[in-house]
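Written out below as structure tokens is the structure these notes cover.
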Amino acid sequence: MPKTHTSSRNGSQGLLFDPRFLETYAGERILKSPRTAIVELVANCWDAGATRVRIRWPDPELAGEFTIEDDGEGMTEDDFTYRWRTLAYNRLREQGPTVTVAGHTKQLPRKVFGRNGIGRFAGFCFGDEYSVETWREGKQVIYRVARGDDQPLNLGRVSRGEKRGHGTRLFVATPRATRLSAEDARAEIGMRFLTDPNFAVELNGQIVELSHIEEGQLQRIPIAVPDVGSLELIAIDVGDTDRTTRQHGVAWHVNGRLVGDCSWKSHGREDLIDGRRIAAKRYTFIVKADCLADAVNKDWTGFDAQNSSFATAAAEVYERINDFFLRVSVDDRKDAVRKAREANRETVSKLSLREAEKWERFVENAQVECPSLRERDLVKLSTVLANLEAADSRYALLHRLGELSTAQLDDLHGILRDWTLDMAKVVLDEIQTRMLLLDELKRKVEDTNADEVRELQPLFKRGLWIFGPEFETIEFTSNEGMTTVIQRLFGKDIPASRHRPDFAILPDGTVGLYAYPRFDPSDGGEIGVNRLVIIELKRSGIRISTEQKDQCWKYVKELIEKGLLLDDSRVTCFPLGSHIDLVEADVREERHGLVRIQPLSYDTVITRAKSRMLRLYDRIKNAPFLDKEKLTEFLARGKSAPGTQQSLQIR
């Protein structure tokens, strides 16, 4: 028969909790895995400032009490009831990120593991209910803790009394059977709690030591440092990945005492590894360095960074740790490259074999040289570099850099500092070269005696970038077959055309045709024209009007009829002249937008191109990773042109 529920008579409604609530809130591993539960309970002892923990582990075959007792700071009754009754207990806000080691005020405060109090539910792994005895300030209290039917926990006080000292004991009188042996429990504890020699854990009368860790999960690496002494690096592999990195890192031991904290910080250097990576939650290193006793700070917070012996030893130790990670993280690095390749599949597929290999090698090297680089940032970096590698010219590369935000440029700061300085010199030099080209073009178009075919068309051929970044790629090349068709279209055989087969020479001007091929995705063979740019230069005195637009459309129709364009080839025509009829300045589109005819005056084309060059110059020179002093020196040695060098200065 279904269970019925009744509401409060006064109309107030409290929260109800399903019996499965704790599994969802705390996680099944804490409630059902003895390996996880014992680690959480020992971590609670650490967070209590204990120096010694005693565990009574039940024999899997025999009945016996489960107990874990520490000599930490203990709790008052109010402390206990408040912490146990507060589900999302905020340890950091209520007690702070550190704890004073109980009874040892001269020792450094200890960084705690706990954050939200979930570890208190680990007792339920050993029984349906458990008891907590805690004492401090001469007073002792015992509470029974059980899972509730309609609320997560039921607390019931068992007794109050008096007791000296301080500490806490959690025990289960009749624990459920566990398949985890005492030996395996010691190994789980040893892999996580041997970083501080002042924290000792005893299980069934045996102190947990390195010897309790299985051979396959511990490596001893002797290190001899000339003029310093002998050190031992101990690498511990917990096997399964822990939830956080708080029980992992590098711990330096000198004469049986921990120096500073156990963490992935490397004494004044960058992090040894990104804390979000799997390895950071799996490995722990202990460095036994008694030979560095003279380098320890008086308060034991760390080493004297100016001490040459420590600097030499640390460099060797961190190098060995990096080598260790390189050996064990081969699969992780391959997976990171795979994710980067997947994120940039479309861009990388367009690269040549050499470019793709170069890109992949960079992604691999970035992980080796910058182990603290987060995987998410590695993917972002790989995207930027794939786009840069896809740029076929120095200007396109610069254009892509110019599109980056300041935050993205900051992400590149460390890994690309040297590369970007050299590249900046290349691209800034390219800008100056192009400014010279624009100045030369301006002089030519203003000269009524200039020869379009011999002087102007070759300049535009060198400068398709003038019309915008989309025309940057070097894949745009002169198409002599098309030029011949246009030449024959007018029925003229002008003698000069025989000397310049790359341009069509017409009575009123010249036409240059630049095609970008399309390739078959299956075999890579060229199958036609993907994009065509037509540049028509009109002689001085000819105004761009409807007639000139019609003439461009005539070129395109002739090429279509001759089968030189695909059905979906995109064509952009630029009829250029000294003047344009105002009513004809708009873009004309044909074939549903596949063909665009954009009339422009010479002055407009050159002015826009110069403006774009200067804007990009400003964005690059202000990038945070560029050394402005070196760039200023470089530019001072560079080319100069009327009105150019003055514009290109570090401002």
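The values are calculated or read from the model by the stated rules, or taken from the named source; none is laboratory data. This one's a predicted model, so the numbers in the text were calculated from it and none came from an experiment. Backbone-built Cβ (ideal geometry, glycine too); neighbour counts: all protein chains shown.
For residue 203, which of the numbered conditions (1) within 20 Å of residue 42 (Cα to Cα); (2) assigned by TED's automatic domain parsing to the domain that holds residue 34 fails to hold?
Answer for residue 203: the failing condition is (2).
Taking the options 575, 599, name whichever one is surrounded by 17 or more Cβ atoms within 10 Å (Cβ to Cβ) and free of Cβ contacts under 8 Å to residues at least 40 places away in the same chain.
Numbers: 599 fails: free of Cβ contacts under 8 Å to residues at least 40 places away in the same chain.
After applying the criteria, what remains is 575.
Please count how many residues of segment 303-332 are surrounded by 14 or more Cβ atoms within 10 Å (Cβ to Cβ), part of a loop (DSSP other than H, G, I, E, B) and without any contact (Cβ under 8 Å) to a residue 24 or more places away in the chain.
2
Of everything in segment 333-380, what is aliphatic (A, V, I, L, M), assigned to a helix (DSSP H, G or I) and under 16 Å from the mean Cα position of the chain (by Cα)? Give them in sequence order.
Those that are aliphatic (A, V, I, L, M), assigned to a helix (DSSP H, G or I) and under 16 Å from the mean Cα position of the chain (by Cα): 336, 337, 340, 343, 363, 366, 368, 378, 379.
Would you check if residue 62 is under 25 Å from residue 206 (Cβ atoms), outside any strand (DSSP E or B) and at pLDDT below 95? So that I can check it myself, show each step before the final result.
Numbers: under 25 Å from residue 206 (Cβ atoms): yes; outside any strand (DSSP E or B): yes; at pLDDT below 95: yes.
Considered against the rule, which asks whether it is under 25 Å from residue 206 (Cβ atoms), outside any strand (DSSP E or B) and at pLDDT below 95, residue 62 comes out as yes.
Within segment 160-176, track down each residue that is within 24 Å of residue 38 (Cα to Cα), touching a Phe, Trp or Tyr at 6+ places or on another chain (Cβ under 6 Å) and not in a strand (DSSP E or B).
Of everything in segment 160-176, just one residue is within 24 Å of residue 38 (Cα to Cα), touching a Phe, Trp or Tyr at 6+ places or on another chain (Cβ under 6 Å) and not in a strand (DSSP E or B), namely 175.
Take residue 170 and decide whether it is touching an Asp or Glu at 6+ places or on another chain (Cβ under 9 Å) and either farther than 25 Å from residue 259 by Cβ or modelled with pLDDT under 90 (or both).
Numbers: touching an Asp or Glu at 6+ places or on another chain (Cβ under 9 Å): yes; either farther than 25 Å from residue 259 by Cβ or modelled with pLDDT under 90 (or both): yes.
Yes: the conditions hold for residue 170.
For every residue, the table says whether it meets (1) under 21 Å from residue 602 (Cβ atoms); (2) part of a strand (DSSP E or B).
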site: 549; (1), (2): yes, no
site: 555; (1), (2): yes, no
site: 559; (1), (2): no, no
site: 563; (1), (2): no, no
site: 566; (1), (2): no, no
site: 575; (1), (2): yes, yes
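Anything in segment 119-159 that is among the basic types (Lys, Arg) and either part of a strand (DSSP E or B) or more than 14 Å from residue 169 (Cα to Cα) (or both)? List them, or say none. Write out each step before concluding.
In the first step, residues of segment 119-159 are kept if they are among the basic types (Lys, Arg); the result is 120, 136, 139, 144, 147, 157.
Matches in segment 119-159: 136, 139, 144, 147, 157.
Within segment 155-166, can one find any residue that is buried (at least 17 other Cβ atoms within 10 Å of the Cβ), touching a residue at least 40 places away in the same chain (Cβ under 8 Å) and in contact with a Leu (Cβ under 8 Å, 6 or more places away or on another chain)? Can you show your working first?
Step one: of segment 155-166, the residues buried (at least 17 other Cβ atoms within 10 Å of the Cβ) are 166.
From what is left, the residues that are touching a residue at least 40 places away in the same chain (Cβ under 8 Å) are 166.
Pick out the ones that are also in contact with a Leu (Cβ under 8 Å, 6 or more places away or on another chain) and you get none.
Within segment 155-166, not a single residue is buried (at least 17 other Cβ atoms within 10 Å of the Cβ), touching a residue at least 40 places away in the same chain (Cβ under 8 Å) and in contact with a Leu (Cβ under 8 Å, 6 or more places away or on another chain).
Here's a check for you: in segment 178-216, which residue that is over 21 Å from residue 252 (Cβ atoms) and basic (Lys, Arg) is surrounded by the fewest Cβ atoms within 10 Å (Cβ to Cβ)?
Checked segment 178-216; the qualifying residue surrounded by the fewest Cβ atoms within 10 Å (Cβ to Cβ) is 179.
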